[in-house]
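Asker: Mind looking over this structure? Questions follow.
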Amino acid sequence: MDTLIMVGQLLLGLSILVGLHELGHLLTAKMFGMRVEKFSIGFPPKIAGFQWGETEYSIGAIPLGGFVKISGMVDESMDTEQMSAEPQPWEFRSKPAWQRLIVMLGGIIVNVITGIVIFFFMVYNNGETYYSRDQVIENGIVAYEYAEAIGLQTGDKILDVNGEPYKSLGDLTSGKVLLSENGYYTVERNGEQLKIEIPKGFINTFNSDESFTKFVSLRFPFDVGVVDEGSEAEKAGVKVGDKILAVNGQKVDYFHEMREALEGYENKNAEIVIQSQGDVDTLSILVAEDQRIGIVANILIEPVKRSFGVGESLVKGAEKAFGVVILNARAMGKMFTGEVSARNVSGPIGMAKIYGDVWDWTKFWSITGLISMILAFMNLLPIPALDGGHVMFLLYEMISGKAPSDKFLENAQKVGMAILLVLMVFVIGNDILKIFMGE
């Protein structure tokens, strides 16, 4: 069932984005009087379809893309017979270069608009909820294994990143920070300021959602928020609102300190000092196999919550959308230098895992908006068979005044399709390798 949910979300997300992308090509082509023969979401074999006017609309069995077949255009159909006939007024090749350029950019433009619209609604409906820089400085961090590996320690107060103030706890692991040149954290430790460098390639550590939980979190004071029914804590008399002062002789101010003090006490009794309605008592509580005593912490720090109006949401939505493109461009550049591992590239299996095995509409639209911007960026790459390849040749034609020959475009299309096939094999192989390695 979990797999079905992941696959279902991926197919729905891709179908929406591919459909809108191809719709961008279709509408701009028809706007300039070009004949559109086919519109397909998914690749052949066809599993369903209908004819409306001059265009056949269909759904293909391979849901990893789609296409629009425009008369008189060298594309993946490789219809050389049509291209050998005399050009007709309704064909792509008969139209001015600037019109053909708009048609080729149509899908990319629609994907960008889709990404901005999704991020706009996400910001407008949900606002922002985060732990602020001031709260991080006031309480300090809990440093887990990845943070300790670069020199951070629990209790450090992170003052800035790369010499600049940051806004939220999440900014500490943002792509902008992890991809920065000679990045570093400035921390205060025991009254002294230290510079903790971010190693080159450190971003490769964060190759899954789980990996972010191994970096840092906020230290937070707490009291007892919930006492599990029938738990050892309930049997010992722990109540909601009680405050834990010490565990096994170790003073407890923050939740992580309680968890650390319970380590090694599985199936043993722990001595826990409780403050309840002003009274202090010491209770002996049996610790379970999972190092829990049967309570849920109530965090005593309120996160910052912000809401935005329509104008602010539009600006922030656009910033988030284009920020995805900028980060992907930087990551790709660093991939060629070897600083960013190509293993971070995900194919359809990896994308399905990102959606997750729980159907959460907020997460679904957030990831779909992200993928929409990535699709726009990838499609703009100057690879023949992609929109960016067609754009490259059209710009050459507009600048030089001379169009590449149909034979050249056909051969370029074949090369581009071979490149895309190799890339597809690579990303799917990468996904399978990650599964075998447990990533």
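Asker: Name the shape class, rounded, prolate or oblate, that the alpha-carbon gyration tensor gives for segment 358-439, where a ≥ b ≥ c are the square roots of its eigenvalues, rounded holds for a/c under 1.5, and otherwise prolate holds if a/b is larger than b/c and oblate otherwise.
Answerer: Oblate, since a/c reaches 1.5 and b/c is not below a/b.
Asker: Further question on the same structure: By how many nm would the segment from R330 to V304 grow when fully extended, if each residue of separation counts as 0.36 nm and the alpha-carbon distance is taken off?
Answerer: Contour length minus the Cα-Cα distance gives 6.4 nm.
Asker: Helix 387-400 versus the longest principal axis of the chain: what angle, 0 to 90°, nearest 10, using Cα atoms?
Answerer: Its long axis makes an angle of about 50 degrees.
Asker: May I have the pair-distance distribution P(r) for segment 301-439, computed from all Cα-Cα distances with 10 Å bins from 0 and rounded to whole percent?
Answerer: Spelled out per bin, shortest first, that is 10, 26, 32, 21, 8, 2, 0.
Asker: Counting pairs of alpha carbon atoms under 8 Å apart in space and at least six apart in sequence, what relative contact order in percent does segment 277-417 give?
Answerer: Rounded, it is 14 percent for segment 277-417.
Asker: Could you derive backbone 3J(HN,Hα) for segment 23-35 from the dihedral phi with the Karplus parameters 6.51, -1.76 and 1.60 (θ = phi - 60°), listing whole Hz in sequence and x where the residue is Gly or Pro?
Answerer: Taking θ as phi minus 60°, the curve returns 4, x, 5, 4, 5, 5, 5, 5, 4, 9, x, 7, 8 Hz for segment 23-35.
Asker: Angle between the Cα long axis of helix 310-337 and the longest principal axis of the chain, 0 to 90 degrees, nearest 10?
Answerer: For 310-337 against the chain, the angle is about 80 degrees.
Asker: Taking R0 as 60 Å, what FRET efficiency do you get between A288 and S132 from their Cβ-Cβ distance, rounded to the nearest 0.05?
Answerer: 0.95
Asker: In terms of the Cα gyration tensor, with a ≥ b ≥ c the square roots of its eigenvalues, is segment 385-425 rounded because a/c is under 1.5, prolate because a/b exceeds b/c, or oblate?
Answerer: Here segment 385-425 falls in the oblate category.
Asker: Assuming 0.36 nm per residue, please report the length gained on full extension of the stretch L27 to S211 beyond their Cα-Cα distance.
Answerer: 62.0 nm
Asker: Over all distinct Cα pairs, what is the inverse of the mean 1/r for the chain, reported as the Kirkwood hydrodynamic radius in Å?
Answerer: It is 25.7 Å.
Asker: Name the lysines eligible as straight-distance cross-link partners of K38: C-alpha to C-alpha under 26 Å, and not fewer than 8 places from it in the same chain.
Answerer: K30, K46, K69, K95, K407, K414
Asker: Would you please name the GluC sites (Glu not before Pro) within segment 179-222 that are DSSP coil residues with at most 12 other C-beta atoms within 10 Å of their C-beta?
Answerer: Passing both the DSSP loop test and the Cβ count: E181.
Asker: With the cut-off at 1.5 for a/c, could you classify segment 262-381 from its C-alpha gyration tensor as rounded, prolate or oblate?
Answerer: prolate
Asker: Taking the chain as the reference, fit the longest principal axis to its C-alpha atoms, fit the long axis of helix 406-436 to the helix C-alpha atoms, and give the angle between the two in degrees, 0 to 90, nearest 10.
Answerer: The two axes meet at around 20 degrees.
Asker: Rounded to whole Å and sorted largest first, what semi-axes of the equivalent ellipsoid does the C-alpha gyration tensor of segment 79-188 yield via the square root of 5 times each eigenvalue?
Answerer: Working through the eigenvalues yields semi-axes of 53, 18, 11 Å.
Asker: Under the rule of -39500 (n - 2.57) per DSSP H run of 4 or more residues, summed and divided by the residues of the chain, what mean residue ellipticity at 222 nm is obtained, to the nearest 500 deg cm²/dmol?
Answerer: It lands at -14500 deg cm²/dmol.
Asker: Per the Kirkwood definition applied to all pairs of different Cα atoms, how many angstroms is the hydrodynamic radius of segment 165-304?
Answerer: 17.6 Å
Asker: Looking at segment 112-199, which chymotrypsin sites (Phe, Trp or Tyr not before Pro) are in a loop (DSSP not H, G, I, E or B) and have at most 15 other Cβ atoms within 10 Å?
Answerer: Hits after loop and neighbour filter: nothing returned.
Asker: Separate question: Report the net charge of residues surrounding A331, where surrounding means a beta-carbon distance below 14 angstrom and charges are Lys +1, Arg +1, Asp -1, Glu -1.
Answerer: +3
Asker: Report the extension gain between K46 and T337 in nm, rounded to one decimal, defined as 0.36 nm multiplied by the number of residues separating them, less their alpha carbon distance.
Answerer: Roughly 100.6 nm would be gained on extension.
Asker: Still on this structure: Under 29 Å Cα to Cα from K235, which lysines show up? Leave out anything in the same chain fewer than 8 places away.
Answerer: Cross-link targets: K243, K251, K268.
Asker: Rounded to the nearest angstrom and ordered from largest down, what semi-axes does the equivalent ellipsoid of segment 19-128 get from its C-alpha gyration tensor (root of 5λ)?
Answerer: After scaling each eigenvalue by five and taking roots: 29, 18, 11 Å.
Asker: Moving to a separate point now. How large is the accessible surface per residue of segment 112-246, computed with a 1.4 Å probe and reported in Å² as a whole number?
Answerer: With all protein chains present, segment 112-246 gives 49 Å² per residue.
Asker: Let me ask something additional. Loop only by DSSP, 15 or fewer other Cβ within 10 Å of the Cβ. Give me the GluC sites (Glu not before Pro) in segment 14-109 that pass, ordered by residue number.
Answerer: Those that pass, being in a loop and sparsely packed, are E54, E76.
Asker: Over the heavy atoms of W359, what accessible area does a 1.4 Å probe trace out, to the nearest 10 Å²?
Answerer: Approximately 100 Å² for this residue.
Asker: Taking each pair of distinct Cα atoms in segment 164-221 once, what is the resulting Kirkwood hydrodynamic radius in Å?
Answerer: Result for segment 164-221, one decimal place: 12.7 Å.
Asker: Any aspartates and glutamates with Cα under 17 Å of the K363 Cα? List them, leaving off those in the same chain fewer than 8 positions away.
Answerer: Straight-line reach from K363, under 17 Å: D2, E128, D209, E210.
Asker: For every other residue with a beta carbon closer than 11 angstrom to the beta carbon of D228, add +1 if it is Lys or Arg and -1 if Asp or Glu, then tell me the sum.
Answerer: Result for the neighbourhood of D228: -1.
Asker: Another question about this same structure. For segment 277-340, what log10 I(q)/I(0) values come out of the Debye formula at q = 0.25 1/Å, with one point per alpha carbon and no solvent?
Answerer: Each listed q maps to, in turn, -1.09.
Asker: Using only alpha carbon pairs under 8 Å that are at least six residues apart, calculate the relative contact order of the chain and give it in whole percent.
Answerer: Contact order relative to length: 18 percent.
Asker: If contacts are Cα pairs under 8 angstrom and at least 6 residues apart, what is the relative contact order of segment 349-439 in percent?
Answerer: For segment 349-439, the relative contact order is 23 percent.
The values are calculated or read from the model by the stated rules, or taken from the named source; none is laboratory data. Keep in mind that this is a model prediction, so the values were computed, not measured. Every residue, glycine among them, receives a Cβ derived from its backbone with ideal geometry; neighbour counts consider all protein chains shown. Ligands, DNA and RNA are excluded from the accessible area calculation, which covers all protein heavy atoms including side chains. Shrake-Rupley method; radii C 1.70, N 1.55, O 1.52, S 1.80 Å.
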